[in-house]
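The values are calculated or read from the model by the stated rules, or taken from the named source; none is laboratory data. All of these numbers come straight from a predicted model, not from anything done at the bench. So basically every Cβ, Gly included, is an ideal-geometry build from the backbone, and we count neighbours across all protein chains shown.
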Amino acid sequence: MSRTIEDRAAEFAIQPSYHALGGEFVRAPVETLREMLGAFGISLDGPPPDRAPPEMRAPDGYRCFLPEGEMRRWGIAAQLYQLRSERNWGIGDFADLCDLARIGGAAGADFIGLNPLHALFLANPAHTSPFSPSNRRFLNPLYIAVDRVPGYRPEFAPEGLGQLRAPDLVDYPAVAAAKLGALRRLWREGPDDAMGFMRFCAEGGELLRRHALFEAISGQMVADGYGAGWLGWPVEFHDAEGQAVIDFADARGDEVGFHLWLQWIADRQLEEARDACRAAGMKIGLYLDFAVGEVPDGSSTWSDPSLAVPGLRIGASPDWFNAQGQDWGLAPLSPVKLADLRAAPFGALMQDATRRAGALRIDHAMGVWQLFLIPDGMGAPQGTYVRYPIEDMLRALAEASCRNRTIVIGEDLGNVPDGFRELMARMNILSYRILLFERHDHGYIAPEHYPREALVCLSTHDLPTFRGWWRGDDVAIRRDFRLISDEAARQQGDFRWTERRQLLEDLARAGLMAWDEIDRIGPDDPPEALVVAVHRHLARAPSRLFAVRIEDMAGEVAPVNVPSTVDEHPNWRRRLGVPLEALGETALFRGIAGALEAERPREPS
């Protein structure tokens, strides 16, 4: 019997059909399957693969690291860029992170959670999303605290620092110009520890050298009128081993050295922040974030193009929040290559990601099993899932976690396959539970029914702040940006009234607010007492970790990010309204921190 294109796709773990988030059965278009097979280099009539499609199971004898004991700890989740201080250069930096560690540690927090710190494009600072990195292996040098680099002198500071610090939005191009100008002056004076710099370069190896070379070429290309990403460069520069690139590296060795030095300084300052967390008494310290993929034209795909799959992009299928689905514009690692290499490249990424981290959040954790991929020229409704070598991926993750004693949290939101959360639990990977999503038919799931092996929080960077959610701002934003229809917005707005009332009644039953008090609370701005009470309510969950958003501790309203928007909303740019110097003394910060410390007191050393 002849094989259909659906049969051929299934042989190579490309799913001809899938169940969407709402349970709907969706059949992938034939053209989608054809494009995906072509992207993986698979002919329609070739022999079957030499291995069976992967199955969802854990590797024998491997589990991620978890500390012994009860471990009910809390910490503060922040976007590093948003920290405002009297000394930074218009963007939160690693020195601010040290200060936040001291503030959080004094309040009883055991970790500081951060947005991804991955390298973006220094030559295109307007590319701001930390979840669309150029290279997940390296750091974003814009987070360097220039005034803390050895050899810094006040005359290195540019004029107009006050103008960088004042706006409510980070001016990334101006920040990049100011910082890179001063850092170049420091580079010309030479590394303060030449041997340490040489060791760092040697340990980083060829991939570090290629990243620095990429950044140097990228800067020159932008100066010459091309794009920062390599797909916009003249073709002779597409090959990292080609003669044009070799000649550039020979001629511009000092510029390549500068970018190597930036990575060294950033790494040292991140290490100092980790040490500041320890000095503040934190049991976990830095809780870092690992993005699900990289942009197609960045340093990673240029440095090692064999690992990426050209012509496909990572996204998400249509759902209740976005009827059109999502296209994240990220290049997926090749499941075929990862299977051939027993996930060794993923293991190397995990070793780097866990090296400075007491905890690591894996964005879209289902990616170790399947990713929703979209062929170029098609939209999210035409995409489908592709399976990954999950046993090898989980083994590599567990090895890195245990080697560096790093707790692993898997962001298991969205379309979670049946059995995946049980697999996470067997691997000691903590689930990621958000109050706003944890519901049943009659209201919110009671905190005491949350799983122990989880991190819990009210919301996350892709969701509204608590104040914004209470007011219904998120529904209005989705409607205004045409992410949902007017009718869907009306339904969601009506349901928000129900959600608010159910939450208030939960707080009253828990003894955290009086019944007559909740009757006086309307749909406008929530009172601080309500914000504190809802944090204390969720903190009572048996779950091992609790993360409170710094935006909620600072009383922010506007969202950090509106998914599926780019320029329509100032994503990844908004700074906190409260400076670090005052944050720990505000009534709201003290109220939330005090409530969390009461429910989750720090364990004695």
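With Ala194, Ala177, Ala202 as the choices, which residue is surrounded by 12 or more Cβ atoms within 10 Å (Cβ to Cβ), among the small types (Gly, Ala, Ser) and either under 22 Å from Asn124 (Cα atoms) or out of contact with any Pro (no Cβ under 8 Å at 6 or more places or on another chain) (or both)? If you could, list the steps in order and put the result at the bottom.
Details: Ala194 fails: surrounded by 12 or more Cβ atoms within 10 Å (Cβ to Cβ); Ala202 fails: surrounded by 12 or more Cβ atoms within 10 Å (Cβ to Cβ).
Matching residue, one of Ala194, Ala177, Ala202: Ala177.
Taking every residue in segment 521-547 that is modelled with pLDDT of 95 or more and pairing it with any residue that is among the polar types (S, T, N, Q), at least 6 positions away or on another chain, yields no pair with a Cβ-Cβ distance below 8 Å. Residues satisfying the criterion are present in segment 415-426 (criterion: in a loop (DSSP other than H, G, I, E, B) and among the β-branched types (Val, Ile, Thr)). Exactly one condition in (1) crowded, with 22+ Cβ neighbours inside 10 Å; (2) in a helix (DSSP H, G or I); (3) of a type outside the set (Phe, Trp, Tyr) is not met by Val560; state its number. Unmet condition: (2).
When Val386 is tested against (1) over 20 Å from the mean Cα position of the chain (by Cα); (2) surrounded by 17 or more Cβ atoms within 10 Å (Cβ to Cβ); (3) part of a helix (DSSP H, G or I); (4) not aromatic (Phe, Trp, Tyr), exactly one condition is not met: (3).
At pLDDT 95 or above, β-branched (Val, Ile, Thr) and more than 30 Å from Cys457 (Cα to Cα): is that true of Val170 in this structure?
On the way: at pLDDT 95 or above: yes; β-branched (Val, Ile, Thr): yes; more than 30 Å from Cys457 (Cα to Cα): no.
When the stated conditions are applied, Val170 does not pass them.
Checking the structure you have, find out if any residue of segment 566-575 is in contact with a Lys or Arg (Cβ under 9 Å, 6 or more places away or on another chain) and either surrounded by fewer than 19 Cβ atoms within 10 Å (Cβ to Cβ) or in contact (Cβ under 8 Å) with a residue 24 or more places away in the chain (or both). Checked against the condition, which is being in contact with a Lys or Arg (Cβ under 9 Å, 6 or more places away or on another chain) and either surrounded by fewer than 19 Cβ atoms within 10 Å (Cβ to Cβ) or in contact (Cβ under 8 Å) with a residue 24 or more places away in the chain (or both), segment 566-575 yields at least one hit.
Test Gly329 against the criterion of being within 30 Å of Ser485 (Cα to Cα) and in contact (Cβ under 8 Å) with a residue 24 or more places away in the chain, and give yes or no. Spelling it out, Gly329 is indeed within 30 Å of Ser485 (Cα to Cα) and in contact (Cβ under 8 Å) with a residue 24 or more places away in the chain. For segment 236-248, residues that are among the aliphatic types (A, V, I, L, M) and over 32 Å from the mean Cα position of the chain (by Cα) total 2. Evaluate segment 109-117: report whether one residue or more is closer than 19 Å to Asn561 by Cα, in contact (Cβ under 8 Å) with a residue 24 or more places away in the chain and touching a Gly at 6+ places or on another chain (Cβ under 7 Å). Checking segment 109-117: at least one residue is closer than 19 Å to Asn561 by Cα, in contact (Cβ under 8 Å) with a residue 24 or more places away in the chain and touching a Gly at 6+ places or on another chain (Cβ under 7 Å).
Out of all the residues in segment 116-134, which are of a type in the set (S, T, N, Q) and either on the phi > 0 side of the Ramachandran plot or surrounded by fewer than 24 Cβ atoms within 10 Å (Cβ to Cβ) (or both)? Asn124, Thr128, Ser129, Ser132 - these are the residues of segment 116-134 that are of a type in the set (S, T, N, Q) and either on the phi > 0 side of the Ramachandran plot or surrounded by fewer than 24 Cβ atoms within 10 Å (Cβ to Cβ) (or both). In this structure, does Ser303 turn out to be among the polar types (S, T, N, Q), out of contact with any Lys or Arg (no Cβ under 6 Å at 6 or more places or on another chain) and not assigned by TED's automatic domain parsing to the domain that holds Phe214? Answer is no for this residue.
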